[in-house]
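The values are calculated or read from the model by the stated rules, or taken from the named source; none is laboratory data. Since the structure is predicted, the reported quantities are computational estimates derived from the model, not experimental observations. As a convention, Cβ positions derive from the backbone with ideal geometry for all residues, glycine included, and neighbour counts pool all protein chains shown. In case anyone asks, the SASA skips ligands and DNA or RNA and just uses the protein heavy atoms, side chains included. Shrake-Rupley method; radii C 1.70, N 1.55, O 1.52, S 1.80 Å.
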Amino acid sequence: HAWMARGACPLRTGGCRSALWEYRGLGWLPRAPVDLEPVELWVDERDRVWLLGRDAYGSERSSVAVLTDGEWTRVAAPSSFGQVRMVGRSATEVWFFDAAHLFVSDGAVIREVSTPLERIESLWVEPTGPLWIGGTERDGDAERGAVYRLTGAPR
């Protein structure tokens, strides 16, 4: 069982023409059109598909849509949300990041979380344990690699 999102938001025509596809062993079947240019997708434990994408060709702004019972619902995000990576742990804890910003969603709202890193390079979560974040931090005039573990509630 697999999922794939394909499509684009062509500059000349405007608007997005993308779709979510599902594979269940017999071939790929279209499941739902979506008005985002796909960047990443993830499926939570409730079998809901999370799609991180762009609203328009060349846009710096990202959006997140969740497919539940055949309907897409957008997750509320700050206007500065422009993330390019997504890592999920559960339907109520999905993480988004780019090189400079870290965000988390509780399934309804996306909010920014502070991080001690100057540049975020990787993030991973354990199913029932902490979140790990790796990247670069500044030490005076020098930069050095660092890994942090988040064990409590995100701030």
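Remarks
- Near pairs, Cβ below 8 angstrom, 6+ apart or cross-chain, from the range 19-39 (outside any strand (DSSP E or B)) to any residue that is modelled with pLDDT of 90 or more and among the polar types (S, T, N, Q): Leu36/Ser63
- Annotation note: of Arg111, Arg149, Arg74, the sole residue that is touching a residue at least 24 places away in the same chain (Cβ under 8 Å) and of a type in the set (Lys, Arg) is Arg111.
- Residues being buried (at least 16 other Cβ atoms within 10 Å of the Cβ) and part of a loop (DSSP other than H, G, I, E, B) - total across the range 72-82: 4
- Residue in the range 27-40 that is under 11 Å from the mean Cα position of the chain (by Cα) and either open to solvent by 40 Å² or more (accessible area, probe 1.4 Å) or at pLDDT 95 or above (or both) present: yes
- Residues in the range 97-155 that are assigned to a strand (DSSP E or B), small (Gly, Ala, Ser) and either under 25 Å from Arg61 (Cβ atoms) or under 18 Å from the mean Cα position of the chain (by Cα) (or both): Ser105, Ser122, Gly134, Gly135.
- Residue count, the range 1-18 (criterion: surrounded by 14 or more Cβ atoms within 10 Å (Cβ to Cβ) and either of a type in the set (Phe, Trp, Tyr) or assigned to a loop (DSSP other than H, G, I, E, B) (or both)): 3
So that you can scan it fast, the table gives a plain yes or no per residue for (1) touching a strand residue (DSSP E or B) at 6+ places or on another chain (Cβ under 9 Å); (2) modelled with pLDDT of 95 or more; (3) open to solvent by 40 Å² or more (accessible area, probe 1.4 Å); (4) within 30 Å of Ser18 (Cα to Cα):
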{"position": "Arg54", "(1), (2), (3), (4)": "yes, no, no, yes"}
{"position": "Asp69", "(1), (2), (3), (4)": "no, no, yes, yes"}
{"position": "Val84", "(1), (2), (3), (4)": "yes, no, yes, yes"}
{"position": "Glu93", "(1), (2), (3), (4)": "yes, no, yes, yes"}
{"position": "Asp98", "(1), (2), (3), (4)": "yes, no, no, yes"}
{"position": "Leu102", "(1), (2), (3), (4)": "yes, no, no, yes"}
{"position": "Arg119", "(1), (2), (3), (4)": "yes, no, yes, no"}
{"position": "Glu143", "(1), (2), (3), (4)": "yes, no, yes, no"}
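- The set of residues in the range 56-67 being at pLDDT 85 or above and of a type in the set (Ser, Thr, Tyr) consists of Ser62, Ser63.
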